[in-house]
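K.L.:
Please read through the structure below; I'll follow up with questions.
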Amino acid sequence: MAIAAALWGTDGLLRLPLAGELQAGTVVFWEHLLVAVVLLPLLPSAVRALARCGPKEWLAVLVIGGGSSALATALFTAAFQVGDPITPLVLQKFQPLFAVLAAWIVLGERTRRGFLLFAVPALLGAWLLAFSDPLDVQVTALRAALLALGAAALWAAGTVLGRLVSAELPWRDLTVLRFSIGLPFAAIICAVQGNSFTVGLDNGIGLALLAFVPGLLALSLYYVGLSATPAARATLAELAFPATAAVIGVSVLNETLSVTQWLGLVIVVVSVTALGWHERRRKPVVVEPRRVEVVP
């Protein structure tokens, strides 16, 4: 799961050249369209697998595709557009807290006291990594704050609901359904925002890489890992995302990191790695109820 989150870190490198030429809704629409077309031959079997599930799984997949995939991205992008660039980054750090709470309510997961030994440093590291001066951060616009919190909540819901349906759906079917269901929602968002549905050929390679690397490839690995990983533990592994983004920013985009940001990078990497080692070698700090055997 950390590898999947690390691939998400390449998103900025691929999205940055597109941001100056295409509207956000257009990019989100084409991300879903390209993957949905490639996965179209697998859609009938995925629909049959979903039909064998109950209403609970149907609702979960609908929320994952429409909410966590399309709407969350649109909300997060809108938060940057209507407010300052700091607010979305600050409030996105609430995502692990939302995920742990939702995992407790929906999945019945419980975290032992030792979980804080990994969660607190990981969240602290993510905070240090996000800001060059971690002691000079101001959250201002209320609208931007609500949009960012909505995105964080939907992404957290995607983690928890993905774990829920993994007992009934193989990772392949869940991936297919996420993009296929997300496509009409992305189209609606694009239309409501008045964005264009057409793109030039010169943006084709960038859109394809964005759709298939931090998109299809990363999400496929993510669902493979999620089928055997409690949601509360998975949400900390997702913090590999900002760590990779920071490394790419420094090495490829010529950005610079402050001393505290480098410290945050080290803390995130060590915390996520230590959690994975601990869960394999020691008594797990995340406990989940007995689950149905995952579909092969």
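K.L.:
Could you tell me which residue of region 24-69 is surrounded by the most Cβ atoms within 10 Å (Cβ to Cβ), considering only residues that are touching a helix residue (DSSP H, G or I) at 6+ places or on another chain (Cβ under 8 Å) and outside any helix (DSSP H, G or I)?
P.N.:
The residue in question is Leu39.
K.L.:
Could you check region 273-296 and list, in sequence order, the residues that are at pLDDT below 75, out of contact with any strand residue (DSSP E or B) (no Cβ under 7 Å at 6 or more places or on another chain), outside any loop (DSSP other than H, G, I, E, B) and under 17 Å from Leu116 (Cα atoms)?
P.N.:
Gly276, Glu279
K.L.:
Leu135: surrounded by fewer than 21 Cβ atoms within 10 Å (Cβ to Cβ), part of a helix (DSSP H, G or I), of a type in the set (A, V, I, L, M, F, W, C) and free of Cβ contacts under 8 Å to residues at least 40 places away in the same chain, yes or no?
P.N.:
Details: surrounded by fewer than 21 Cβ atoms within 10 Å (Cβ to Cβ): yes; part of a helix (DSSP H, G or I): no; of a type in the set (A, V, I, L, M, F, W, C): yes; free of Cβ contacts under 8 Å to residues at least 40 places away in the same chain: yes.
No.
K.L.:
Same structure, new question: Could you look through region 1-23, keep only residues that are under 26 Å from Val192 (Cα atoms) and assigned to a helix (DSSP H, G or I), and pick out the one that is modelled with the lowest pLDDT?
P.N.:
Taking region 1-23 and keeping what is under 26 Å from Val192 (Cα atoms), we get 11-12, 14-23.
Narrowing further to those that are assigned to a helix (DSSP H, G or I): 11-12, 14-19.
Values: Asp11: 71, Gly12: 64, Leu14: 76, Arg15: 71, Leu16: 67, Pro17: 76, Leu18: 79, Ala19: 68.
Among them, the one singled out is Gly12.
K.L.:
Under the condition of being farther than 19 Å from Ile3 by Cα, modelled with pLDDT of 85 or more and not polar (S, T, N, Q), which residue from region 243-269 is farthest from the chain's Cα centre (by Cα)?
P.N.:
Checking each candidate, the answer is Val259.
K.L.:
Working carefully through the options Pro41, Pro88, find the one that is of a type outside the set (Ser, Thr, Tyr) and modelled with pLDDT under 80. Reasoning before the result, please.
P.N.:
Working: Pro41 fails: modelled with pLDDT under 80.
Answer to the check: Pro88.
K.L.:
Select from region 175-209 the residues that are among the β-branched types (Val, Ile, Thr) and out of contact with any helix residue (DSSP H, G or I) (no Cβ under 7 Å at 6 or more places or on another chain) and write down the one among them that is surrounded by the most Cβ atoms within 10 Å (Cβ to Cβ). Please lay out each step first, then the result.
P.N.:
Going residue by residue through region 175-209, those that are among the β-branched types (Val, Ile, Thr) are 175-176, 181, 188-189, 192, 198-199, 205.
In the following step, the residues that additionally are out of contact with any helix residue (DSSP H, G or I) (no Cβ under 7 Å at 6 or more places or on another chain) were identified as 188, 192, 198, 205.
Working: Ile188: 16, Val192: 10, Thr198: 7, Ile205: 11.
Checking each candidate, the answer is Ile188.
K.L.:
In region 172-181, is there at least one residue being assigned to a helix (DSSP H, G or I), among the charged types (D, E, K, R), over 20 Å from Leu7 (Cα atoms) and at pLDDT 90 or above? Let's see the steps before the verdict.
P.N.:
Within region 172-181, the subset assigned to a helix (DSSP H, G or I) is 172-181.
From what's left, among the charged types (D, E, K, R): 172-173, 178.
Okay, now just the ones that are also over 20 Å from Leu7 (Cα atoms), so 173.
Of the ones still in play, those that are also at pLDDT 90 or above are 173.
The answer is yes; a qualifying residue exists.
K.L.:
Looking only at region 96-136, which residues are in contact with a Ser or Thr (Cβ under 7 Å, 6 or more places away or on another chain) and of a type in the set (Gly, Ala, Ser)?
P.N.:
Ala99, Ala122, Gly125, Ser132
K.L.:
Residue check: is Leu14 out of contact with any strand residue (DSSP E or B) (no Cβ under 9 Å at 6 or more places or on another chain), of a type outside the set (Asp, Glu) and closer than 30 Å to Gly249 by Cα?
P.N.:
For Leu14, the condition - out of contact with any strand residue (DSSP E or B) (no Cβ under 9 Å at 6 or more places or on another chain), of a type outside the set (Asp, Glu) and closer than 30 Å to Gly249 by Cα - is met.
The values are calculated or read from the model by the stated rules, or taken from the named source; none is laboratory data. What you see is a predicted model, and the numbers here were worked out from it, not measured in a lab. Using ideal geometry, Cβ is built from the backbone for each residue, glycine included, and neighbour counts are taken over all protein chains shown.
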